[in-house]
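Trainee: Below: one structure in structure tokens.
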Amino acid sequence: MKKLVVVTKLGQVNGYRLAGINAIGVNDIDAARRLIVSWLKDKAEILLAMDDSLFLKLDEDLISRIYGSNDMLLVTIPDGPVSGAEDSRRQRIYEMIRHATGVQIRFKGEGNGTR
């Protein structure tokens, strides 16, 4: 990938920019969709980091196009509340790692589904 681009809500974009990250703030999912479609069309080599709440609003067809692209990789950024029970917070982190890597791995301390 040639560059990292963060797509986030307008209220969070300045924080990323202060950290020196190329961030784009969007008002709605349609603006994010237009950006992604243009990058896919241009075959831009991008590591796309996107707020989880925005990602969940993308349609399945666009998600499939992103995953099928040889030029774009996608990771999601958790943007929900951090508070909560330790087990649910840990499970959320595990699921984000699985999503980012595309590998169904089991972490130390996790059951085999039979709890």
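The values are calculated or read from the model by the stated rules, or taken from the named source; none is laboratory data. Because the structure is predicted, anything quoted here is derived from the model rather than measured. Neighbour counts are summed over all protein chains in view; Cβ atoms, including those assigned to glycine, are modelled from backbone coordinates with ideal geometry. Keep in mind that these areas ignore ligands, DNA and RNA; they rest on the heavy atoms of the full protein, side chains included. Shrake-Rupley method; radii C 1.70, N 1.55, O 1.52, S 1.80 Å.
Trainee: Mean residue ellipticity at 222 nm from the helices of the chain, using -39,500 (n - 2.57) per DSSP H segment of n ≥ 4 over the full residue count, to the nearest 500 deg cm²/dmol?
Mentor: For the chain, the value works out to -12500 deg cm²/dmol.
Trainee: Towards the positive end of the charge dipole of the chain, with charges on Cβ (+1 Lys, Arg; -1 Asp, Glu), say which of LEU10, LEU47, ILE24 has the farthest Cα.
Mentor: After comparing all options, I get LEU47.
Trainee: I need the phi-derived Karplus couplings for region 37-47: 6.51 cos²θ - 1.76 cosθ + 1.60, θ = phi - 60°, integer Hz, Gly and Pro marked x.
Mentor: With the stated coefficients, region 37-47 comes to 4, 5, 5, 5, 4, 7, 6, 5, 7, 10, 9 Hz.
Trainee: Could you tell me what percent of the DSSP beta bridges with both partners in the chain are antiparallel, to the nearest 5?
Mentor: Values: 0 of 15 bridges.
Antiparallel bridges: around 0 percent, rounded to the nearest 5.
Trainee: Here's something else I'd like to know. Along region 89-104, what does the Karplus equation 6.51 cos²θ - 1.76 cosθ + 1.60 (θ = phi - 60°) give for ³J(HN,Hα), rounded to whole Hz, x for Gly and Pro?
Mentor: Each residue of region 89-104 in turn: 5, 5, 4, 5, 5, 4, 5, 5, 5, 4, 5, 5, 8, x, 10, 8 Hz.
Trainee: For ASP79, enumerate residues with amide H under 5 Å from its amide H, sequence gap 5+ or separate chain, H modeled in the peptide plane.
Mentor: Placed amide hydrogens put ASP52, SER53 under 5 Å from ASP79.
Trainee: Probe radius 1.4 Å, ligands and nucleic acids ignored: give me the carbon and sulfur share of the accessible area of the chain as a rounded percent.
Mentor: For the chain, the apolar C and S fraction of the accessible surface comes to 52 percent.
Trainee: Counting only protein chains, not ligands or nucleic acids, how are GLU60, GLU110 ordered by accessible area (probe 1.4 Å), most first? Mind dumping the intermediate values first?
Mentor: Details: GLU60 135, GLU110 30 Å².
The ranking, largest first, comes out as GLU60, GLU110.
Trainee: Run the 1.4 Å probe and let me know the accessible area of MET96, rounded to the nearest 10 Å².
Mentor: 40
Trainee: Now a separate question. Enumerate the amide H contacts of ALA23 below 5 Å, restricted to partners 5 or more residues apart or on another chain; note that Pro and chain-start residues carry no placed amide H.
Mentor: When sequence neighbours closer than 5 places are left aside, the close amide H contacts are VAL6.
Trainee: If Lys and Arg each add +1 and Asp and Glu each add -1, what is the summed charge of the other residues whose beta carbon sits under 15 Å from the beta carbon of LEU4?
Mentor: Counting the neighbours of LEU4, the net charge comes to 0.
Trainee: Suppose each label sits 7 Å from its Cα in the direction of the beta carbon; what would the LEU18-ALA31 distance come out to in nanometres?
Mentor: In this crude spin-label approximation the distance works out to 2.0 nm.
Trainee: Let me ask something else about it. Quick one: accessible surface of LYS43, probe radius 1.4 Å, all protein chains present, in square angstrom to the nearest 10.
Mentor: 140
Trainee: Something else about it: Tell me, what is the per residue accessible area of the chain in Å², probe radius 1.4 Å?
Mentor: Per residue, the chain has 66 Å² of solvent-accessible surface.
Trainee: Separate question: For Cα pairs less than 8 Å apart in space and 6+ apart in sequence, what is the mean separation divided by the residue count of the chain, i.e. the relative contact order in percent?
Mentor: Taking the mean separation of contacting Cα pairs over the length of the chain, I get 23 percent.
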